[in-house]
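The structure appears below as structure tokens.
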Amino acid sequence: MSNKLLVSLLLAASLNAAAAESDQSAPGYNERLQQRSEFVSRFAGEPMESVKFRVFDGYEPLSTTSLIVFERGSRAYLLTVTPCWDLPWTAAIGGIADYMTISVRLNAIQTAKNRCIITEIRPLDTKAMKSAEKKNKSG
């Protein structure tokens, strides 16, 4: 490999890394996640040891240690996990399958770079949360 090609590849890799880092530290992103996490926590019920999960319908990261997982329909759960440094920016998660029981300390979510053990499961009152979101948007 020629030196020019090697330098070009290293430059491209460093520019990509810098762009990814700037997206992750975009002004206000962490503050928006923190506000969303505080809002969602108001609608979380008591911790559960396990939940029978039916059909996975998406997720919303709230921090490096928390996320919402949605079931088809109107059920959702606030999960706390061991630190998952790439969780707020990951494109997809694994570890939650349709028709499985998710248990604290026995199951984990998988990001591109981390396996993060579930340490808490709390059901969310999605109806009340959506109502509050509508009220906040309307003024």
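The values are calculated or read from the model by the stated rules, or taken from the named source; none is laboratory data. From a predicted model like this one, the values you see are computed outputs, not experimental measurements. With ideal geometry, Cβ positions are generated from the backbone for all residues, glycine too; neighbour counts draw on all protein chains shown. Please note that ligands, DNA and RNA were not included when accessible areas were found on the heavy atoms of the full protein model with its side chains. Shrake-Rupley method; radii C 1.70, N 1.55, O 1.52, S 1.80 Å.
So here's what we get for this one:
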read-out	value
Between segment 105-139 and segment 66-85, the Cα center-to-center distance that results, in Å	4
Potential lengthening between Ile117 and Arg75 on full extension [0.36 nm per residue; Cα-Cα distance subtracted]	13.0 nm
Gained length - Gln110 relative to Arg54, 0.36 nm times residue gap less alpha-carbon distance	18.3 nm
Within the accessible area of segment 27-139 (1.4 Å probe), percent carbon and sulfur	52
Sum of side-chain charges, Val104 neighbourhood, beta-carbon under 11 Å (Lys, Arg +1; Asp, Glu -1)	0
Net +/- balance of residues flanking Cys84 in space, Cβ distance below 12 Å, scoring K and R +1, D and E -1	+1
Neighbourhood charge, 13 Å Cβ-Cβ cut-off, centred on Ile118 and excluding it, Lys, Arg +1 and Asp, Glu -1	+1
Neighbour-limited loop hits for trypsin sites (Lys or Arg not before Pro), segment 35-134 (at most 14 other Cβ within 10 Å; DSSP other than H, G, I, E, B)	Arg42, Arg54, Arg72, Arg105, Lys113
Loop-resident sites, segment 31-116, for GluC sites (Glu not before Pro), counting at most 16 other Cβ within 10 Å (DSSP)	Glu49
Global geometry of segment 25-139, whether rounded, prolate or oblate, following the gyration tensor of its Cα atoms and the 1.5 cut on a/c	oblate
Computed accessible area, Val55, all protein chains, 1.4 angstrom probe, square angstrom	20
DSSP-assigned coil residues among chymotrypsin sites (Phe, Trp or Tyr not before Pro) in segment 46-139, each with at most 14 further Cβ atoms within 10 Å	Trp85, Tyr99
